[in-house]
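Peer 1: Please find one structure pasted underneath; my questions will follow.
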Amino acid sequence: CFKLSQWAGRAPAAPRHRLQQVMAVFEALPAWQRNLEQDGFSKNPFFHGIVAEVSDQHRTKDGHTKIGYALYFYSYSSWAGRAIYMEDLYVMPEFRGKGIGKALMSKVAQLGLAAGCNQLDFTVLDWNKSSLDFYLSQGCFDITATVGYHCMRCKGEALEHLAQP
Amino acid sequence: MFTFFCTSFCCPGISCCAIFRKNDDIHLHMCPFGNFSCVRLELQRDGFCQNPFFECLVAEIPEELKSKEGFTVVGYALYFYTYSTWKGRSLYLEDLYVMPEFRGNGIGKGLLCKVAEVFKQCVRLQLSVLNWNTPSRDFYAAKGGQDLTVSEGWHFVRFDGQNLDNLANDAPKI
């Protein structure tokens with residue numbers, strides 16, 4: 001049994017911290033914490049979030065009741081108009097398989113439709129077969145596989161060089 | 001040297017017109033994917049409301065170089081802010097378009113540079129490109145773009161239409 005609430009006030013550090021512990025072996029930990037609150041809670045936030053909480057009796061061994069979240073922002077397509085992009089969808093491992101991830105994603109979809117969005121987009125790694133199978137079973141389609149879109153990124157020195165006239 | 005200048009999206013009518021020209025041009029070359037069409041009023045509404053969904057730079061040329069149809073706005077870049085909980089503020093370049101007869105003159109590069117320059121507070125610039133669009137892929141690679149689908153395996157996934165409605169209908173009440 002869980003409830004969802006919109007991310008307001010302080011950032012839910014608990015779920016993200018757990019994710020950082022898992023991902024630390026693959027990436028340097030980002031200096032996200034000092035910027036996350038500023039970027040998410042200003043007058044025009046860069047992102048929005050939904051948190052999944054369980055009751056106190058179901059809290060984790062470490063005492064966390066916030067056990068999952070979805071982070072999203074609005075995007076745009078000159079073909080289709082307003083869209084929503086789901087940047088993160090996370091549920092602590094011990095709480096998976098209970099419909100929490102699906103509920104979070106559905107809530108993002110509902111909020112997106114209410115805001116006039118026509119698409120919900122996100123990315124998934126091709127080796128993450130269980131996630132890909134889950135999303136496909138929910139009715140999405142893989143644009144990269146079917147249409148051929150590739151994700152491109154420019155950062156660091158390349159971005160600085162690009163910005164030179 | 002081809003003279004052009006980039007300005008912010010200041011005149012909704014002219015700029016939306018440029019976007020519609022892109023849609024018509026690209027539709028001839030792409031398999032139609034979906035029956036969506038973003039009508040002019042939606043573009044104007046969404047780009048000029050209090051919290052716009054996107055921003056746009058347009059490339060204009062002098063009157064004496066205008067196209068056969070009389071256009072001086074010959075290209076544009078449409079982008080919006082995104083976010084990464086790993087890296088912070090980012091920018092997504094949704095459209096980069098130059099009318100075919102004005103390509104090869106550095107306008108696309110100029111627009112791309114302007115986008116990167118104007119929003120230096122962002123840590124990265126992201127976009128997508130079709131795998132068969134070799135000229136564009138080469139263009140971005142030459143500018144330092146990394147293909148994350150090839151190098152890391154990232155795939156774009158989408159819910160739309162009835163599938164999006166079905167997903168939303170399953171949402172619990174908050």
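Bear in mind that the values in this text are calculations on the coordinates, not laboratory data. Predicted, not measured: the structure shown is a model, and the values here were computed from it. Cβ: placed from backbone, ideal geometry, glycine included. Neighbour counts: every protein chain shown.
Peer 1: Say each of residue B:87 and residue A:55 gets a label point 7 Å from the Cα, pointing the same way as Cα to Cβ; how far apart are those two points in nm?
Peer 2: Label at residue B:87, label at residue A:55, 4.3 nm between them.
Peer 1: Still on this structure, I have one more. Take residue A:147, project a point 7 Å from its Cα along the Cβ direction, then tell me which residues of segment B:149-174 have their backbone nitrogen under 18 Å from it.
Peer 2: From segment B:149-174, the list is B:149-150, B:154-165.
Peer 1: Can you give the FRET efficiency for residue B:165 and residue A:6, using 1/(1 + (r/R0)^6), R0 = 25 Å, r = Cβ-Cβ distance, to the nearest 0.05?
Peer 2: On the way: r = 21 Å, r/R0 = 0.85.
E between residue B:165 and residue A:6, to the nearest 0.05, is 0.75.
Peer 1: For residue A:83, list long-range residues whose amide hydrogen, built 1.01 Å from N in the peptide plane, is under 5 Å from its own amide hydrogen.
Peer 2: A:75, A:76, A:77, A:118
Peer 1: Here's a follow-up. Excluding residues on the same chain fewer than 8 positions from residue B:114, give the lysines whose Cα lies under 30 Å from its Cα.
Peer 2: A:43, A:155, B:22, B:66, B:68, B:87, B:143
Peer 1: Continuing with the same structure: Between residue B:69 and residue B:133, what length comes free when the chain is fully extended (0.36 nm per residue of separation minus the Cα-Cα distance, one decimal in nm)?
Peer 2: Result: 20.3 nm gained on full extension.
Peer 1: Can I ask one more? Residue by residue through A:134-140, how many Cβ atoms from other chains fall within 10 Å of the Cβ on average?
Peer 2: 4
Peer 1: Cβ under 11 Å from residue B:57's Cβ, residue B:57 left aside: what net charge do those residues give with Lys, Arg +1 and Asp, Glu -1?
Peer 2: Charge balance in the 11 Å sphere: -3.
Peer 1: When the chain is fully extended, how far beyond the present Cα-Cα distance does residue A:161 get from residue A:133, taking 0.36 nm per residue of separation?
Peer 2: Separation in residues times 0.36 nm, less the Cα-Cα distance, equals 6.2 nm.
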